[in-house]
1. Please determine whether any residue of the range 222-238 is surrounded by 20 or more Cβ atoms within 10 Å (Cβ to Cβ) and of a type in the set (D, E, K, R).
2. Within the range 123-136, identify whether any single residue is within 15 Å of Leu71 (Cα to Cα) and either outside any loop (DSSP other than H, G, I, E, B) or in contact with a Cys (Cβ under 8 Å, 6 or more places away or on another chain) (or both), and answer yes or no.
3. Inspect the range 65-85 for any residue being on the phi < 0 side of the Ramachandran plot, among the hydrophobic types (A, V, I, L, M, F, W, C) and touching a Gly at 6+ places or on another chain (Cβ under 7 Å) and give the result as yes or no.
4. Is it the case that Ala326 is modelled with pLDDT of 90 or more, assigned to a helix (DSSP H, G or I) and closer than 26 Å to Ser257 by Cα?
5. Show the residue pairs meeting these rules: Cβ distance below 8 Å; 6+ apart or different chains; first residue within the range 118-132 and more than 20 Å from Asn158 (Cβ to Cβ); second residue of a type in the set (D, E, K, R).
6. Taking the conditions exactly as written (in the same structural domain as Thr95 (by TED's automatic domain parsing) and either of a type outside the set (S, T, N, Q) or touching a Phe, Trp or Tyr at 6+ places or on another chain (Cβ under 9 Å) (or both)), does Ala186 satisfy them or not?
7. Scan the range 299-316 and report the pairs whose first residue is closer than 16 Å to Tyr194 by Cα and part of a helix (DSSP H, G or I) and whose second residue is at pLDDT 95 or above and among the hydrophobic types (A, V, I, L, M, F, W, C), with Cβ atoms within less than 6 Å and a gap of 6+ or a chain change.
8. Quick check on this structure: which one of Thr289, Thr258 is in contact (Cβ under 8 Å) with a residue 40 or more places away in the chain and either in contact with a strand residue (DSSP E or B) (Cβ under 9 Å, 6 or more places away or on another chain) or surrounded by 13 or more Cβ atoms within 10 Å (Cβ to Cβ) (or both)?
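The values are calculated or read from the model by the stated rules, or taken from the named source; none is laboratory data. Model, not experiment: these values are computed from the prediction. No Cβ is skipped: glycine too gets one built from the backbone with ideal geometry, and neighbour counts run over all protein chains shown.
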Amino acid sequence: MPVHEYYGKNNKRTWYVEAFLGIDPETGKKIIEKKRGFATKREALAYETEILFKKNNKTIVKPSSKLLSELLAEWLKVKRRENEIGEQTAQVYDTNIRIHINPCIGNVKLSKLNVLHIEKLMDQIDEKGLASGTRKKIYNIMNNALSEAVRKKEVAENVVALVKKPKVTYKKIEVWDKETVKRFVADAKGLSRYYMAYYLPLFCGLRQGEVLGLRWRDIDFNKRVLRIQQTLSHDGKKLMPGAKSTAGIRSVALSKSTTAALLEHREMIYTERDKLGEAYVDNDLVICTEKGTPALPRDIMKRWKKLQTKLNLPYITYHSCRHTCASLLLLANVHPKVVSEMLGHASVRLTLDIYSHLLPNMQDEAVNKVDSMMEEEEPEPEATISEEALEASDMIDNILDDN
């Protein structure tokens, strides 16, 4: 009989369950589920019924001795092998696992992992003062890895899903207004050979890795479009195919002024190439050193800070050049979907979350547009996305036009 009576401390009668769940295919030994401490036989029988139901429905999972750190290492290895994530994303995952997750709960066996462990990890992240975005990344890593472990029957339940998902709170972004951008364009040109490294995020919304990985072959000057097909790693040591995400591999329309600026910049790069001859390392890069090698990201950021100081411009981070581009477009009433595609965001919702501080202005304009639409006899034909994208790129030229 799987339900047994026994006497514990103080000769108190209790019940325990001993249920046969099958044979372990690896060891050939019986798998026995045991649990003590039931006050009545009815409670013990109810637990036995529950266990046998799970057995019959094949939801019983053999307790795993694998450590959480081992699971995460295997999970990340598969992600990389199957090209489910880009290399830079993989590096971010690896850093968060090594620095934040493993030191806290990496040595916990999967069979022992519970909600308290996850809450302990989240509390420790809060104590470190990490950004809410980092907290969410760590939560997602754990959630995805445990979901996969459930699918492979390494664990019975994803305990991470039982913990409330962290919310990302976006700080107010410091950006330049159009007058400051005009000052930069007027004064910065000629002061730095890396002028285009700052111009491209300001006018095209590119990320740093996208700017420093851009090649001349990726630009179609006739159609006025560039395509993101390669990025430079954060440490500047590796040119990597693809982009930060699937949405990052995209085409970006170029305004007339941006096209002209790129052509002028190309003359400088080709002159340097011809002057150096065989010693030139031709990676076909738009932004590179005098020798043709990739420009180091940290060097670009140092020069960016010095250039702003020299021009007496309000300081913004290099990444805020990209934010400036998005802000100018949204304030000019370019559709958020077009801006989202231009920036390479995974969704329009992400774009609106980041730039929510601009929404009140946009909503006022939207209400006025509704009034105008009511007065029109016939609506204008809807433009295609590609046309809208090209108009969006020209919009910045119009914004900065004194006329």
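1. Going through the range 222-238, the residues surrounded by 20 or more Cβ atoms within 10 Å (Cβ to Cβ) turn out to be 226, 228, 230-232.
Checking which are of a type in the set (D, E, K, R) leaves us with none.
For the range 222-238, residues surrounded by 20 or more Cβ atoms within 10 Å (Cβ to Cβ) and of a type in the set (D, E, K, R): absent.
2. As a first pass, look at the range 123-136 and keep what is within 15 Å of Leu71 (Cα to Cα): none.
Among the residues of the range 123-136, not one is within 15 Å of Leu71 (Cα to Cα) and either outside any loop (DSSP other than H, G, I, E, B) or in contact with a Cys (Cβ under 8 Å, 6 or more places away or on another chain) (or both), which makes the answer no.
3. Here is the first cut: in the range 65-85, the ones on the phi < 0 side of the Ramachandran plot are 65-82, 84-85.
From what's left, among the hydrophobic types (A, V, I, L, M, F, W, C): 67-68, 71-73, 75-76, 78, 85.
Retained after the next criterion (residues that are touching a Gly at 6+ places or on another chain (Cβ under 7 Å)): 67-68.
Yes, the range 65-85 has at least one match.
4. Numbers: modelled with pLDDT of 90 or more: yes; assigned to a helix (DSSP H, G or I): yes; closer than 26 Å to Ser257 by Cα: yes.
The answer is yes for Ala326.
5. Final answer for the pair search is Asp126/Arg135; Ser132/Lys167.
6. Details: in the same structural domain as Thr95 (by TED's automatic domain parsing): no; either of a type outside the set (S, T, N, Q) or touching a Phe, Trp or Tyr at 6+ places or on another chain (Cβ under 9 Å) (or both): yes.
For Ala186, the condition - in the same structural domain as Thr95 (by TED's automatic domain parsing) and either of a type outside the set (S, T, N, Q) or touching a Phe, Trp or Tyr at 6+ places or on another chain (Cβ under 9 Å) (or both) - is not met.
7. Ile300/Ala197
8. Numbers: Thr289 fails: in contact (Cβ under 8 Å) with a residue 40 or more places away in the chain.
One residue alone meets the criteria, Thr258.
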